[in-house]
Every structure is written in structure tokens, then in C-alpha cells.
Amino acid sequence: MSTQYEVRGRVAVITIDNPPVNGLSHATREGIVRDLGRALDDPGVDAIVLTGGAGFFSAGADIAEFGTPASGADPNLPQVIGTLEAASKPVVAAIDGTCFGGGLELALGAHYRVATAKSRLGLPEVNLGLVPGAGGTQRLPRVLGTRVAAEIMTSGDPRSARDLAAVDGQRLLDRVVDADAVDAAIAFAGEIANVRPLPRVRDLTAAAVPLDDLRAQLTKRARGLTAPLAALDLAERAATTPIDDGLAAERATFLELMGGDQSASLRHVFFAERAARRIPDIPSTTQARPIERVGVLGAGTMGGGIAMNFLNVGIPVTIVETAQDALDRGLGVIRRNYQIQVDRGRLTADALEQRMALLTPSLSYEDLANCDLIIEAVFEEMDVKRSVFTKLDQVARPGAVLATNTSTLDVDQIAAVTSRPGEVVGMHFFSPANVMRLLEVVRGKDTADDVLVTAMAIGQRIGKVGVVARICDGFIGNRMLAAYRDAAGDLLRSGSTPAEIDAAIEEFGFAMGPFKVGDLAGNDISWAIRKRRYAEHPDAPRDEITDALCEMGRFGQKTGAGWYDYEGRDAKPSPVVDELLASYWARHGVTRTTFDPEEIAQRLVFALVNSGAQILEEGIALRASDIDVVYLSGYGFPRHRGGPMFYADRFGLPRVVEELRRFHGPDWEPAPLLVRLAAENKTFN
Ligand code: NAD
């Protein structure tokens, strides 16, 4: 399918028909040109309406075609748009619903545009590391003014037709309606059928306005991303150069970005998030169980955040605690979190009350009897979890999904205390659970297919990116994090400093380096885990430097001192820590060494890669791109680098192995899978 053609009265209607999102595939582009020719040749046709039907005009380029010969094959999108613009009869775009990227560029090639008020229009190319490549950067400023167009192009965020119609002096939308877009466009076409000359966006001019503030903002926020600034340059150019020069510049920029690392990485991320939804050994016809009511056990840090996810999408939640004060405290935190959103204008006071009304607090497990999914978020101790699941097994209705939010414990051991291990699954949220997008869905040895599918589906419904993991200590993310932290510790022991290490990895694109993260989360948390391990395994190697830091009570921001000294949230290198390190180095005969920042970043990132390779080989992760998704959505890995495994692929696995051996000495063995792929000159992804 590509397009459908019909004539209604004296108006030809061309409907783009390429489900699910009307992507502008090669066949679709051909269809539009063919149908347009037919309408122009038909003396019974006075005007043409181009539409995508109900719900979608077009979501833009067919990204499945990216990188294939079909994507650039004639007619390419600029040619299609040129044909529309040059048509001798008026073309009216009838927009209902999504009109993104190439879809909006196509609509800008029409002479007129009619849209339903709720339609959403935007140029999201920057999200894929690109700029619009079919005239969007030059035409949008001509109809919306340079500033608004620049905001839309550089953010990638869509806007509603209703909002765009209110932009001062706008020429984007000729009519905004609440009725059927095609009917409205046909009526409109009847009114303007004889108006000549035909208005063309290319003949308009855009006024030059200063955009320095936007540039400054972007430079700060875009953190190394090239596309948003390139889009801004092109918006400015729309106001200063003839359109054909602007279009040529746009095309050149588009092609350059398309060939670069950032866009390759961001496109990988796009596909990786979709791929993560597929579980190869489970038939795609497996139905998720319906979830209409959720139970949460424990109203602590995680339980409260987990509950909010469901309240946010209108799913009622029963939350159970052991004592009234803990319950009150938990509810208080949830309300306060919503209140912050109200104060920031992101939520109305009514919506806050509606969400709180969906929440039923309770001290009794019996109240979970009517829940379809129950998520446990109590203390991280096996005995506690097992006693909780024993009780849950007694009260939960048959068919309810029983999930644990454990970060480290063996889900199979928890499932084993129930009479229904097939219904038990891990749902590992990340803190703050109402904010972080990642959800590791942990598949136990007995977890039923439809239970796993249910956990993934509900994750998607609450806006999470779900990734399936098998059981191991730390699952995918935290196990890799341990390797990353070890690499940072190694650098400290080898003569580097927290400030140098943090700065290097922040330069790479992480929002925060490992030592600042430690100070934010509290160094006492990992200390408690280490102390438990030392007690259980007296021979376990000690983390001398971090232990000494904690013994001084330097737990981080909450104590005003950690790896850094704090004034408020401002981190300053600490003379106390300098002294601690100097004394460690002196004891161990290490000299203070300033490492090349690039080497620091590589040591940390390749530690992730090596650990990721082990995880992949052990079958803990289904595919390398899932590991990338975990790191991108849960651990702040820079999106424009595509995730650790993709980054390693681009870097070249033989070089990764070489560097790892150089960092660790020739006797150290990298993960066998990594060595094997490198030897065969293959990649992870
Ligand atoms: P928390 O101490 O903040 O909250 C635990 C809550 O569970 C407490 O309010 C406690 O009163 C309640 N509780 C204890 N036993 C209970 C029982 N039998 N029935 C009902 N409630 C009970 O802990 P948290 O940080 O929210 O962690 C909860 C779970 O989430 C742990 O398994 C933890 O490993 C996991 N987790 C934590 C994080 C994190 O960053 N904090 C991240 C991911 C997963």
C-alpha cells in the first residue's frame, strides 16, 4: 500500500496509506507523485487535497529505509515536495493527528494547510542526530517566524495545531478545525480553487531575529550534540539567504550528520529500544494478562515511587506497610512529590487529588486479594522477602502476577516459597522509580511466558523502557556498574583523583562522574554492603580508600563532605581527600599520575564493555543492544554514543581488547566473547 486516490465533486483526494504511521517510503513517495499527476491531468479536478486519513498525516521518513538504497531513490522527498509546490492546481494538506518530520515538510510543500486542533506538528530529527533534510529548516521559519521555528527544530518537541495557530502572524495553518480534516479541506479547496497566483511557502520571507540566547541555552543543554546547533544555524540562514541556497546548505548538513557517529548512535538507540520488546523464544501472539489494579508492598523509597507510576496512568494502587507511621510517611512523600509538580505547573491541583484518590493505604495483606499485579518493595533481605512471598501466596488471587523489586537477590529462591513460581517475576525499578525510565524485567527459571509478557507490557504502559534479564548478582545494570566502579577505584589507586576521573567521564557525556554519584547517593550505602561482605568473607579484598573515607563520616552531600567538600550542592576538591590519597599512594609506592582524560573515559567505558560481554555470553541479556538500552535509560550513558556495546563496536573490538590489555597488563584476560569477536573482526550489535 502507498496511497489511495478518489475524486469528490471537483476535488481529488490523495490519501497516504502506509500503516502504521504513514512513513514516507519509496512506494509512498511514488504514489503521491503518480496521484498528483493524475489529478493535474483530469479536467474535472480543480483542486487537490493531500491527507493521511484519521490519526496520522505522516510521522515522516520511513526509518526502516535509513541507510538502504530505497531511502534516497527517486523520487526523493525534496523532489516530491518540489512537485507539489510547482503544481498548477491548488494543493491543500488536510492534517489530522501526527505530522512529524518529513510529514510536516511534505505539508509545507502544499499551497494551503488545514488541520484539526489536536493535531501535533513537529520536526523531531534532532532526536536522531539529524536536521530536517527536505526543506523543513528553510520553510518552517518562513511560516512561523525564525524564533518559533528554531525552537521547534532544535528541541524536536511537537506542538499542537491549536498552539501553532496562535503564533503571531503565522502562515503555517490556514484553517484549524474540530471537525473532520478532509471534509474541512474539501470545503476550503472549493473556496480557493480559483485563486491565483498559488501561494508558495518558498516565496515568503523570514525576518532575521537575534537567537543568541537560544544558542547559549543549547550549547549548555545539548552537551556535545551537534544536530541542535546545526538546526539553529539553518533556521538563521532561512532569514538571510535565498531559499535555494538555504535548501542546498540544509541538504549538505543533513548528509554530513547522517554519515556521522552521533546520528548512527542515536538511530541505534531508536531501534534498540524497539528490539528490547521482543523476546525471541516467546511467541509474539502471547497475550499479556489484564492489569486493572496493582498492589505495592512497602511504602519506602522505592514502593512510593513505584506506586506513582501506576497512579499517573489512572491505575488504582493498594499500598501495604507494616506500621501506620511508615504508611503515613510513605503517603506523605508521594503527596509531596506530586505537590512539587503542581508548584512547577506540570500538574493541576485537581489531578493531584485524583491521583491520590486512586491510592488505597492499608496495613493488611488481605487487601491485596483483588490485585492483578503485586510488586514487593520491602527490605533487601532474603528472609524478609521469603516471608512476604509466603503470605502473598496465601492472599493473592489465582492468576495474579507476583513481582519483586529486588536489586540483588535470587528471584528463583523467592519464587520457591510460593505454590506458583510460574507467576513470579522480577520488576527491577531504578531510583527515583517515578522518574527513571529503565525497568529490568527479571525472568526466573519458572516464570511463565505470559507473566513475562505482562511485566513488559505494563512497563510500557507506565512509560518505562523494559529490558529482560536473567538472574545473576546485580542483573545487567548493577553488575556492570560494579565493574565501572572498580575501574574508577583502580584509577584512584594508580595515582588519579576523583575530580580528574569525574571530569573525564563527564566530558565523555555522562551527566555525573562516579565519585559525584557516590556523594549524591551516600557512600554509606555501599559501605554497609561491603561491611556485610567482609563479615561473611573475611578474606574478601578491602576497598581501603573508600572505607577510610567512610570511617571519617564522609558519606557525601548529606554530611556536607564525601569525595568532595560541599557548599550546598557545589562540589569542591577536598584537601582531606587529597591527603587520604597521598598517604595511600605513599604506603603502596604509587606516584601521583595525571592520566589522559580520554584514557580515563576509556578505562571506565571498556570496563562496562568487558562486563557486558560476560553478561551476553552467560545469556543474562538477550542481545547486546539490550545492554545498551539498560545503560542509556538507567545509568546516564550519553545517548549520542549509543550505549557501551555500540560504542565499542564503532571503536573496533580489536582495539578495545588491545587497550584493555594495556590498562590491566598482559596477564589479565578480557571476556572470552570479546576476544573471540575481536579475533573474527565482528561486532556485538
Ligand atoms: P526502604 O527501606 O526505603 O523501604 C522499605 C519499606 O518496606 C519500609 O518502609 C518498610 O517499612 C517496608 N517493609 C518492610 N517489611 C515489610 C513487610 N513485611 N510488609 C510490608 N512492608 C514492609 O527500601 P527501598 O530503598 O525502598 O528498597 C526496597 C526494595 O527495592 C529493596 O529490595 C531494594 O533492594 C530495592 N531497590 C532499591 C533501590 C534504591 O535505589 N533504593 C533501587 C532498586 C531496587
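The values are calculated or read from the model by the stated rules, or taken from the named source; none is laboratory data. As the structure is a computational prediction, the values presented were derived from the model and not from experiment. Every residue, glycine among them, receives a Cβ derived from its backbone with ideal geometry; neighbour counts consider all protein chains shown. All accessible areas refer to the heavy atoms of the entire protein, side chains included, with ligands and DNA or RNA removed. Shrake-Rupley method; radii C 1.70, N 1.55, O 1.52, S 1.80 Å.
Some points to look at:
- Selection over the stretch 293-324 of residues that are open to solvent by 40 Å² or more (accessible area, probe 1.4 Å) and more than 9 Å from the ligand (Cβ to nearest atom) gives a count of 5.
- Single residue of the stretch 1-32 satisfying the filter (surrounded by fewer than 18 Cβ atoms within 10 Å (Cβ to Cβ) and assigned to a helix (DSSP H, G or I)) that is nearest to the chain's Cα centre (by Cα): 27
- Here residue 83 meets each of (1) surrounded by 18 or more Cβ atoms within 10 Å (Cβ to Cβ); (2) assigned to a loop (DSSP other than H, G, I, E, B) with one exception, condition (2).
- A search for C-beta distances below 8 Å between a residue of the stretch 61-74 that is of a type in the set (Asp, Glu) and any residue that is modelled with pLDDT under 85, counting only pairs 6+ apart in sequence or on different chains, returns 62/71; 65/71.
- From the options 125, 105, residue that is outside any strand (DSSP E or B), among the charged types (D, E, K, R) and closer than 27 Å to residue 198 by Cβ: 105
- Any pair with Cβ under 8 angstrom, 6 or more apart, that starts in the stretch 576-589 at a residue that is touching a residue at least 40 places away in the same chain (Cβ under 8 Å) and ends at one that is exposed (fewer than 14 other Cβ atoms within 10 Å of the Cβ): 585/591; 585/592
- Applying the criterion of being open to solvent by 10 Å² or more (accessible area, probe 1.4 Å) and in a loop (DSSP other than H, G, I, E, B) to the residues of the stretch 435-459, the residue that is farthest from the ligand (Cβ to nearest atom) is 448.
- In the stretch 406-428, of all residues being touching a residue at least 40 places away in the same chain (Cβ under 8 Å) and out of contact with any strand residue (DSSP E or B) (no Cβ under 6 Å at 6 or more places or on another chain), the one that is farthest from the ligand (Cβ to nearest atom) corresponds to 412.
- When 366, 380 are screened for being within 30 Å of residue 452 (Cβ to Cβ), among the acidic types (Asp, Glu) and either in contact with a Lys or Arg (Cβ under 7 Å, 6 or more places away or on another chain) or within 11 Å of the ligand (Cβ to nearest atom) (or both), only 380 passes.
- Meets criteria (in contact with a strand residue (DSSP E or B) (Cβ under 9 Å, 6 or more places away or on another chain) and not basic (Lys, Arg)) for residue 490: no
- Within the stretch 150-190, the set of residues being touching a Gly at 6+ places or on another chain (Cβ under 9 Å), open to solvent by less than 60 Å² (accessible area, probe 1.4 Å) and closer than 15 Å to residue 207 by Cα comprises 167, 170.
- Only one of the numbered conditions (1) in contact (Cβ under 8 Å) with a residue 60 or more places away in the chain; (2) open to solvent by less than 60 Å² (accessible area, probe 1.4 Å) is not met by residue 208, and that is (2).
- Residue 387 open to solvent by less than 50 Å² (accessible area, probe 1.4 Å), more than 28 Å from the chain's Cα centre (by Cα), farther than 25 Å from residue 449 by Cβ and not aromatic (Phe, Trp, Tyr): no
Yes or no, residue by residue, for (1) among the aromatic types (Phe, Trp, Tyr); (2) crowded, with 16+ Cβ neighbours inside 10 Å; (3) more than 16 Å from the ligand (Cβ to nearest atom):
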position: 501; (1), (2), (3): no, yes, yes
position: 509; (1), (2), (3): no, yes, yes
position: 518; (1), (2), (3): no, yes, no
position: 522; (1), (2), (3): no, yes, no
position: 538; (1), (2), (3): no, no, yes
position: 541; (1), (2), (3): no, no, yes
position: 544; (1), (2), (3): no, no, yes
position: 549; (1), (2), (3): no, yes, yes
position: 554; (1), (2), (3): no, yes, yes
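- Residue 363 among the hydrophobic types (A, V, I, L, M, F, W, C) and surrounded by 15 or more Cβ atoms within 10 Å (Cβ to Cβ): no
- Residue check, residue 78 open to solvent by 10 Å² or more (accessible area, probe 1.4 Å) and either charged (D, E, K, R) or outside any strand (DSSP E or B) (or both): yes
- Residues that are assigned to a helix (DSSP H, G or I) and modelled with pLDDT under 95 were ranked within the stretch 217-238; the one that is surrounded by the fewest Cβ atoms within 10 Å (Cβ to Cβ) is 220.
- Residue satisfying all of: in the stretch 472-498; closer than 26 Å to residue 434 by Cα and part of a helix (DSSP H, G or I); most open to solvent (accessible area, probe 1.4 Å) among these: 485
- Screening the candidates 469, 396, 415, 403 for the property of being in contact with a Pro (Cβ under 8 Å, 6 or more places away or on another chain), among the aliphatic types (A, V, I, L, M), open to solvent by less than 30 Å² (accessible area, probe 1.4 Å) and modelled with pLDDT of 95 or more yields one hit, 415.
- Any pair with Cβ under 7 angstrom, 6 or more apart, that starts in the stretch 365-378 at a residue that is in contact (Cβ under 8 Å) with a residue 40 or more places away in the chain and ends at one that is part of a loop (DSSP other than H, G, I, E, B) and open to solvent by 20 Å² or more (accessible area, probe 1.4 Å): 370/293; 370/397; 371/293; 372/289; 372/290; 372/292; 372/293; 377/300
- Candidates 140, 173, filtered to the one that is within 27 Å of the chain's Cα centre (by Cα) and in contact (Cβ under 8 Å) with a residue 12 or more places away in the chain: 140
- Taken over the stretch 156-177, the residue count meeting the criterion of being of a type in the set (A, V, I, L, M) and assigned to a helix (DSSP H, G or I) is 3.
- In the set (1) in a loop (DSSP other than H, G, I, E, B); (2) buried (at least 21 other Cβ atoms within 10 Å of the Cβ), residue 432 fails one condition alone, (2).
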